[in-house]
Amino acid sequence: MLEPFDCEGILSLLNAGFSLRQCLSVLEDEHNAECFAMMRRQLENGEPGDRVMTDFCPDRYRRYLEGFIPVLPVKEALGLSIRMANARQASRKQYLSQAAYPLSMFLLMLCGCLLFSEFCFPALLSMMAGFRIDLSFYSRVAAAVRLISAFLLGIVIAALIIAAVCTSRKYRIRAYCFIASRNLLPIIREYVSARFILFYTQCIEMDLHTMQSLQILKSLDSQPLIRMLACGMDDALRDGNAFEEAMHSRYLDPSLYRFMRIAVHTEGAGNMMNSYLHMSSLRMQRKLKRYTEVIRLISYAGVGIMLIIVYRILMMPLSVLTEF
């Protein structure tokens, strides 16, 4: 299997006018010699270059390349696949890095509270029982902490299961249509709309016209939501709607339609789309930051409450001794 930098090296040489065989000869080293030998053998057996590249590309590129190869030459298909894969990875890394720590802290806090109330609380209460202290209140607190932690952890697990089902290939389109049509989670519609425009601008920047770009996006079987939106836009354009009106869909971000209505009156439609992507990224980061701040505060509050309860329990013997 090729490494990503091998694919990028092959692309740069293809753009310089080299053939695929020449690219393999120039880029061969001790790390890719075995893979290049198998590719060269397939080429010698009469396999077309696009098939060879599809077979040996890494998965992150192949998911796009398989859809582009039937409609584009191998050089353009490989270049577009690399651009889209890198753009997708960058956006995903940006949002995951912002949400990973607060969500992990929240899950650890819930698990910690549940385990503490299940194992440590009874030991503390039994230790304090020798001082003949009324511990009925703290017993109820321990039960409440255990119940609330288990309830919240159950909600999180159920939400993760629902998210896994909704993002599966079988239910992804139906789940998104249900969410977008009812405006349940606007941030999801904004994210999908931004991804669609990101992929579309990658096509436009390769000097592909609108209908060809939509045909390419319609070929992305690995991206069912992008494919669905491209099919909807293509149908709207074929029905005689203007490009900006084709963007007016309940499955797309409403602000995208407003952007496109302005863009059609300017000469820089591509710049307007890039401006939309920048604005959408800032808006989603702001919303995500708001959500993660709430989760972080809840986590800190949970840990703080547990520390206060433990402190009160440990200080009870001292309060008893001061009475004598």
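The values are calculated or read from the model by the stated rules, or taken from the named source; none is laboratory data. Please read these numbers as outputs of a predicted model, since none were measured by experiment. For neighbour counting, all protein chains shown are included, and Cβ atoms are generated from backbone atoms with ideal geometry for every residue, glycine included.
Determine, yes or no, whether Ser81 is outside the structural domain of Thr201 (by TED's automatic domain parsing), within 18 Å of Ser222 (Cα to Cα), small (Gly, Ala, Ser) and free of Cβ contacts under 8 Å to residues at least 60 places away in the same chain.
In short, yes.
Out of all the residues in the range 167-178, which are surrounded by 12 or more Cβ atoms within 10 Å (Cβ to Cβ), without any contact (Cβ under 8 Å) to a residue 12 or more places away in the chain and part of a helix (DSSP H, G or I)?
Answer for the range 167-178, where residues must be surrounded by 12 or more Cβ atoms within 10 Å (Cβ to Cβ), without any contact (Cβ under 8 Å) to a residue 12 or more places away in the chain and part of a helix (DSSP H, G or I): Ala175, Phe178.
Between Leu24, Leu43, Leu11, which is among the hydrophobic types (A, V, I, L, M, F, W, C) and under 27 Å from the mean Cα position of the chain (by Cα)?
Answer to the selection: Leu11.
When the range 243-258 is examined, which residues are found to be out of contact with any Ser or Thr (no Cβ under 7 Å at 6 or more places or on another chain) and modelled with pLDDT of 80 or more?
Selection gives Glu245, Ala246, Met247, His248, Ser249, Tyr251, Pro254, Ser255, Tyr257, Arg258.
Consider Arg41 against the criteria (1) assigned by TED's automatic domain parsing to the domain that holds Leu288; (2) at pLDDT 85 or above: it satisfies all of them except one. Which criterion is unmet?
With (1) assigned by TED's automatic domain parsing to the domain that holds Leu288; (2) at pLDDT 85 or above applied to Arg41, the lone miss is (1).
Here is a yes/no grid of residues against (1) closer than 20 Å to Arg83 by Cβ; (2) surrounded by 12 or more Cβ atoms within 10 Å (Cβ to Cβ); (3) of a type in the set (Gly, Ala, Ser); (4) touching a helix residue (DSSP H, G or I) at 6+ places or on another chain (Cβ under 6 Å):
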{"position": "Leu11", "(1), (2), (3), (4)": "yes, yes, no, yes"}
{"position": "Gln22", "(1), (2), (3), (4)": "no, yes, no, no"}
{"position": "Glu28", "(1), (2), (3), (4)": "no, yes, no, yes"}
{"position": "Met39", "(1), (2), (3), (4)": "no, yes, no, yes"}
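Which residues, taken from the range 10-36, are part of a helix (DSSP H, G or I) and farther than 17 Å from Pro73 by Cα?
The answer is Gln22, Leu24, Ser25, Val26, Leu27, Ala33, Glu34, Cys35, Phe36.
Scan (1) in contact with a Gly (Cβ under 7 Å, 6 or more places away or on another chain); (2) at pLDDT below 85; (3) in the same structural domain as Asp221 (by TED's automatic domain parsing) for the single condition Cys113 breaks and write down its number.
(2)
Any residue in the range 1-25 that's in contact (Cβ under 8 Å) with a residue 40 or more places away in the chain: show its pairings with residues that are among the small types (Gly, Ala, Ser) at Cβ separation under 7 Å, as long as the two are six or more apart or on different chains.
Going by the 7 Å Cβ cut-off, the qualifying pairs are Leu11/Gly79; Leu20/Gly49.
Would you confirm whether any residue within the range 87-109 is surrounded by fewer than 20 Cβ atoms within 10 Å (Cβ to Cβ) and under 19 Å from Met206 (Cα atoms)?
Yes, some residue in the range 87-109 is surrounded by fewer than 20 Cβ atoms within 10 Å (Cβ to Cβ) and under 19 Å from Met206 (Cα atoms).
Among Ile157, Ile162, Ile188, which is the only one that is of a type in the set (Val, Ile, Thr), under 24 Å from Lys218 (Cα atoms) and surrounded by fewer than 20 Cβ atoms within 10 Å (Cβ to Cβ)?
Of Ile157, Ile162, Ile188, the one residue that is of a type in the set (Val, Ile, Thr), under 24 Å from Lys218 (Cα atoms) and surrounded by fewer than 20 Cβ atoms within 10 Å (Cβ to Cβ) is Ile188.
Take the range 224-259 and flag every residue that is of a type in the set (S, T, N, Q) and farther than 16 Å from Ala180 by Cβ.
Asn241 - this is the single residue of the range 224-259 that is of a type in the set (S, T, N, Q) and farther than 16 Å from Ala180 by Cβ.
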